[in-house]
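J.: A single structure is presented below for examination.
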Amino acid sequence: MQNKIVDILKTERWYLSIENLLRRLFSLNPTNKEGTIIFKILIRIRRIIRSISKSVKRYFLFSKNKINITLLFTCEKSQFDIKWLLKLNQLKYEWLKIEFLASHSDIKKFLDQTRNKNESDYYIIFDRPAIFTKFGLYDILSAINNDRSLKLLFADHWELSEGKKDHFCKPSFNEHYFLSYNFVQLPVIIHSETLRELTNHHQFDLNNICWIYNLLLVAYSCEIPITRLQVLAAITTPYPKSKLALLSHARKSLVATYLNNKSIDAEIKQISDEVFYINRSLDINKKVSIIIPFKDKPELLVTCIQSIIEYTQYKNYELLLISNNSQEKNTFDQIKKFQKNYPDLNIVFFEYNIEFNYSAINNWAAKQSNAEYLLFLNNDTEVIESGWLLNMCKHLQLKEVGAVGALLLYDDYTVQHGGTIIGIGDFAGHAHRHSKSSSYGYMNRLICEQQLSAVTGACLLTKSDVFTKLNGFNESNLAISNNDVDYCLRLNILGFKVIFTPKAKLLHFESKSRSNDYLPKNKKRYDKELRFMRIHYSNQIPDPFYNQNLSVTKEDFSYCEQF
């Protein structure tokens, strides 16, 4: 009976095919009002069909489930809303157990017990009151049933606050981001054997109130895979403001221990109630070649160079100025002026007069450098904070890091680039574009250093030997656009991390130095470059540092209901 019902519901596949066809036809004529109404009705019908399908599957999964689960709430039962308690009480299954650990002594007692024996196969842990969404428990159980090798997982959640409902759609586990901010929070799903292994580990601190956070740090240190489920599985409320200082102090202690165990010398600075800045020491003072290609626009070039000279705390750098078919006398005069006024700074001027090919120009410039680090910088940028290059170098000195990108702002001080997300827009988009620079961003991502799939080449620091190993930017297929994204994705494939740091902040007068990709004269070239990216990197979508529940048409991390 079960199979017959599920098979019937699987006929939604034919519906999906029709929906996709309509979606494509509608995209050709998006102003068609009748088409809009029909499209919305069809989407609503599909959601109903999917909901019924999931409900049936949930029924059979729950009735035949053989995995023992314990829901673990590290809070008092009295902290729960009555309606939430009623919903929890409805979860009456012989394979499901619910425990409330009201105090830290209760938690310690529980963890001591699990070290000796476990009555459950998996624990679903909540660090404050929460309930499951309609299909939250089903989605978690379904994931475990489909892959019993999963040992440690986390899922997305909703947060209710003052009448608002905020989504927390998380990226894959990310060490840099997690050290800055506890983006995982809840729910955390862990296998009983993994829980025993981690709580017996010498790096686990049983006395720290942020013990769930500690579990994840120890797991990452032990190279235990931490899997993300891209499902909004739970609903909770914010941490009580009265507890934030206590939680922050406890987490700071764990981060300090973690860094010490990895022999990382760093100062942990608190920059908000929940966010730390890990100010690493610079162990290696390597030479940086700042490569700036340009074609005239002396006013932009002067602003760029002057800002570097005035605002760069890191002193071991040189300027490589690459003229590409410049003709204005003032351009050359300004360069000579800089060379005369700053004799102690190595300002090297080259002419490379080929047809404009951003990749080829930068590749050629890199070969003129003997520096260990290469910084590719647009001439339409302006440095506004002195620590920009120092902070970028602090990350690049790490063996596993291949490139570092910066926070770029428009001249009205709204965000132009807060990292690059694969799969937004044509192929890749800029995170938090047009957000206020004073904003913390979605899930604090605008103030946290973090690993991403890519960063923009408008300000990109990389290792010269790695750049050479990868044969630089792709000048054959990506002369002007997406060469930076391509380079970062090739770094990822080699196992290098790409880091975004908001502690390197510059203004970017975007595309004032070259024409727009969408102009008719550029369309053929741009379409060709997009085709190359889509063909070669289709397996990089969805972006692991984004979330399938978020919009692929907007750059503001807005929630996108699944069709």
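J.: Tally up the residues in the stretch 451-495 that are surrounded by fewer than 20 Cβ atoms within 10 Å (Cβ to Cβ), in a loop (DSSP other than H, G, I, E, B) and touching a strand residue (DSSP E or B) at 6+ places or on another chain (Cβ under 6 Å), please.
T.: Summing the residues that are surrounded by fewer than 20 Cβ atoms within 10 Å (Cβ to Cβ), in a loop (DSSP other than H, G, I, E, B) and touching a strand residue (DSSP E or B) at 6+ places or on another chain (Cβ under 6 Å) in the stretch 451-495 gives 0.
J.: Going through the stretch 544-563 one residue at a time, which ones are hydroxyl-bearing (Ser, Thr, Tyr) and either outside any loop (DSSP other than H, G, I, E, B) or at pLDDT below 95 (or both)?
T.: Selection gives Ser551, Thr553, Tyr559.
J.: Determine whether the stretch 416-424 contains at least one residue that is of a type in the set (Gly, Ala, Ser), under 19 Å from Val466 (Cβ atoms) and surrounded by fewer than 21 Cβ atoms within 10 Å (Cβ to Cβ).
T.: No: the stretch 416-424 contains no residue that is of a type in the set (Gly, Ala, Ser), under 19 Å from Val466 (Cβ atoms) and surrounded by fewer than 21 Cβ atoms within 10 Å (Cβ to Cβ).
J.: Could you list, ordered by first residue, the pairs with Cβ atoms under 7 Å in which the first is in the stretch 135-154 and not assigned by TED's automatic domain parsing to the domain that holds Ser51 and the second is among the charged types (D, E, K, R) and surrounded by fewer than 20 Cβ atoms within 10 Å (Cβ to Cβ), at least 6 apart or interchain?
T.: Phe135/Lys54; Phe135/Arg58; Tyr138/Lys54; Tyr138/Arg58; Phe154/Arg228
J.: Please go through the stretch 155-167 and pick out each residue that is touching a residue at least 60 places away in the same chain (Cβ under 8 Å), surrounded by fewer than 21 Cβ atoms within 10 Å (Cβ to Cβ) and more than 10 Å from Ile235 (Cβ to Cβ).
T.: Passing the criteria: Ser161, His167.
J.: Sticking with this structure for a sec: Just to verify a result, which residue in the stretch 474-493, among those that are farther than 15 Å from Gln540 by Cβ and among the hydroxyl-bearing types (Ser, Thr, Tyr), is farthest from the chain's Cα centre (by Cα)?
T.: Here the residue is Ser476.
J.: Being loosely packed, with under 14 Cβ neighbours inside 10 Å, in a loop (DSSP other than H, G, I, E, B) and more than 34 Å from the chain's Cα centre (by Cα) is true for just one of Asn353, Asn370. Which residue is that?
T.: Asn353
J.: Has the stretch 313-331 got at least one residue that is assigned by TED's automatic domain parsing to the domain that holds Ser369, part of a loop (DSSP other than H, G, I, E, B) and on the phi > 0 side of the Ramachandran plot?
T.: yes
J.: A follow-up question, please. Just to confirm my filter: which strands (runs of 3 or more DSSP E) fall fully inside the stretch 228-304 and include at least 3 residues that are within 30 Å of Ile361 (Cβ to Cβ) and modelled with pLDDT of 95 or more?
T.: 288-294
J.: Go through the stretch 62-92 and give me each residue that's in contact (Cβ under 8 Å) with a residue 12 or more places away in the chain and surrounded by fewer than 12 Cβ atoms within 10 Å (Cβ to Cβ).
T.: Lys66
The values are calculated or read from the model by the stated rules, or taken from the named source; none is laboratory data. This one's a predicted model, so the numbers in the text were calculated from it and none came from an experiment. Glycine also receives a Cβ, built like all others from the backbone with ideal geometry; neighbour counts cover every protein chain displayed.
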